[in-house]
Amino acid sequence: MPFHLLPSRIGLLSSIPCMSRARSAFSLVRASRPELSPAESVREVKRESNLSFDNSNPEMNSVKRKRLNRVVEVKAEYPNKQVGIVPEIEDFRYDKNEAKPSTSAKRIPASSSVREVKRESSPFDISKAELNSVQRKRLNRVLEVKEEYPNKQVSIVPDIEDFRYDKFEAKASTSTKRVLSSSSRNSSPARLEKTIRVSSAVKVKVGAPENWEAVLGGIKSMRLSGEAPVDTMGCEKAGSLLPPKEKRFAVLISTMMSSQTKDEVTHAAVERFSENGLLDPDAIVRTDVATLANLIKPVGFYQRKAQFIKEASKICLERFGGDIPDSLADLLALKGVGPKMAHLVMSIAWKNTQGICVDTHVHRISNRLGWVFREGTKQKTTTPEQTRMSLEKWLPKDEWEPINPLLVGFGQTICTPLRPKCDRCGINSICPSAFKESSSPIPKQKKRGLGRT
C-alpha cells in the first residue's frame with residue numbers, strides 16, 4: 001500500500017462506531033486511575049502481627065527452607081528494611097516508607113532438623129558439626145533399621161553397603177540423630193539399638209576342605225603299592241649311597257634337572273653324571289658346559305640347565321665350602337632354582353621342611369580335589385606358588401613333606417593330566433572332579449576334501 005494513503009486508512013478505522021466507543025472507554029478508565037510514583041507502584045508486603053512462620057514445624061520442605069534462608073540473607077543485607085515472607089521468592093518487595101521491628105529468623109541448615117528421641121551418652125555428638133547429605137542418608141538408614149528391629153542395637157558404620165546384621169550378638173549402642181530435610185529448633189541425638197557388623201570387603205574364610213582327611217587317606221591307600229616312578233627314581237633317591245655332604249649336592253643337581261622333565265629321564269641323567277664322577281662341585285667346575293649338556297641330554301632345556309649347574313657348583317665351592325646352601329634365601333639366589341626346588345632341597349637334603357613343594361602334579365590334583373583357591377575367592381589357583389600358599393593355610397605341617405611324593409605318584413599312575421583313570425580311583429565317590437574329564441581318547445575324524453591327484 002502506498003504510504004500517502006496510510007493516514008486516510010487510519011482515519012477510516014477511527015470512524016467505525018465500535019472502535020470509537022472502545023477508545024472512549026479506555027480513556028475514561030485511564031483518567032479515573034490515580035498516577036502512582038515508581039516507589040508506590042512496587043508491591044508492598046508487610047508482616048502482620050497475627051502471621052508467623054513456625055521454624056520448628058517438621059513439615060517444612062527444602063523449598064520453604066530455601067525461601068526462608070533467602071529472606072534472612074536479604075534481612076542481613078538491608079537491616080533497616082522490612083522483609084515479608086511470600087509464596088515466591090521473586091515476589092519479595094521491600095517497603096521504603098515504613099519500617100517495623102524486624103523479626104529474627106535463623107538460617108536453617110539442612111542438618112539442623114533431627115528426629116527427637118531419648119538421648120544416650122555417646123562419644124558421637126552430631127550437634128557439634130554440620131552433616132552433609134551422605135552422612136544424613138547413612139543415619140537415616142540406621143534409624144530405619146531401628147524401626148524394623150526395635151530390640152536390637154544399632155552402631156554407626158562408615159558405609160551403608162558394608163552393613164552386616166548380627167542376629168545373635170548385641171554390641172554397645174552409639175548415639176546419633178536422624179537428619180531430615182526439614183528444620184527443628186529442639187533436637188537431640190537419637191538412640192540406636194541395632195547391631196551392624198562392618199566388613200570392608202567380602203572375603204572367603206580360609207578353612208580345611210570338607211572330607212579332606214578321607215580323601216587323603218584314600219590316596220595313601222592307593223599309593224601303598226609303590227609302583228609310581230617317583231617311588232624309585234625321584235630326586236630323593238639321587239646319591240643314596242654317597243656320604244651326607246655329597247648326597248646333598250646330588251639332590252641339588254637332580255632337583256635342578258627335574259624341572260619340566262619326567263623322573264625317568266632325570267634319574268638317567270644323574271646316573272650318567274655319577275658314572276663320569278661329576279656329582280662333585282669341583283669336577284663340574286673343571287668341565288666345560290658343552291660336555292655337561294651332552295651328558296644330561298635329553299633333559300628339558302639341557303643347555304641352559306648345564307650352564308646353571310656349573311654356576312651353582314662354583315658358588316657352592318666359593319661360599320659354602322663345597323656344600324649346598326642351607327637356607328631358602330641362598331637356594332633361591334642360585335640361577336635355575338625356583339620355590340618348588342628350594343623347598344624340596346630343604347626338605348630332602350637338610351630335613352628342614354619350611355614349605356610344601358608344589359610341582360605340576362600337586363598343582364593339578366589340588367585343584368581337581370577343590371583343596372585350593374585364589375586369595376579371597378572361590379576360583380582355582382593358576383600357578384604352583386598360589387597352590388602352595390593356599391595349601392599351607394590349612395594343611396597340617398606334619399603333612400607338608402609327604403604330600404609331594406604322595407600326590408606326584410598319584411598323578412603319575414591314576415590322576416593323570418590327560419584322561420584320568422577315575423574308574424580305578426578309590427575316591428571317585430567323594431572327588432568333585434570325578435568322571436568330568438574324558439577317560440578315553442576321542443579319535444579325530446579326518447577332514448575329507450579335494451587333494452592333489
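Is there a residue being of a type in the set (D, E), surrounded by fewer than 21 Cβ atoms within 10 Å (Cβ to Cβ) and within 25 Å of N428 (Cα to Cα) anywhere in region 353-362?
Narrowing region 353-362 to residues of a type in the set (D, E): 359.
So of that shortlist, the ones also surrounded by fewer than 21 Cβ atoms within 10 Å (Cβ to Cβ) come out as 359.
Narrowing further to those that are within 25 Å of N428 (Cα to Cα): 359.
Yes: region 353-362 contains one or more residues that are of a type in the set (D, E), surrounded by fewer than 21 Cβ atoms within 10 Å (Cβ to Cβ) and within 25 Å of N428 (Cα to Cα).
Give me the pairs: first residue in region 60-82 and in contact (Cβ under 8 Å) with a residue 24 or more places away in the chain and surrounded by 14 or more Cβ atoms within 10 Å (Cβ to Cβ), second residue part of a helix (DSSP H, G or I) and among the aliphatic types (A, V, I, L, M), beta-carbon distance under 9 Å, and six or more apart or on different chains, which are they?
Matching pairs, first to second residue: M60/L68; V71/I89.
For residues that are over 11 Å from R223 (Cβ atoms) and open to solvent by 30 Å² or more (accessible area, probe 1.4 Å), tally how many sit in region 395-420.
Selection size over region 395-420: 8.
For a quick check of your reading of the model, give me the residue pairs whose first member lies in region 332-351 and is more than 19 Å from K310 (Cα to Cα) and without any contact (Cβ under 8 Å) to a residue 12 or more places away in the chain, whose second is open to solvent by less than 20 Å² (accessible area, probe 1.4 Å) and in a loop (DSSP other than H, G, I, E, B), with beta-carbon atoms closer than 6 Å and at least 6 apart or on different chains.
none
With T383, T387 as the choices, which residue is open to solvent by 50 Å² or more (accessible area, probe 1.4 Å), without any contact (Cβ under 8 Å) to a residue 40 or more places away in the chain, of a type in the set (V, I, T) and farther than 15 Å from V215 by Cα?
None of the other options fit; the residue is T383.
The values are calculated or read from the model by the stated rules, or taken from the named source; none is laboratory data. Every value quoted in this text rests on a predicted model; they were computed, and no experiment measured them. Methodologically, a virtual Cβ is constructed for each residue, glycine included, from the backbone with ideal geometry; neighbour enumeration extends over all protein chains shown. Side chains are part of the model used for accessible areas, which takes the heavy atoms of the whole protein and leaves out ligands, DNA and RNA. Shrake-Rupley method; radii C 1.70, N 1.55, O 1.52, S 1.80 Å.
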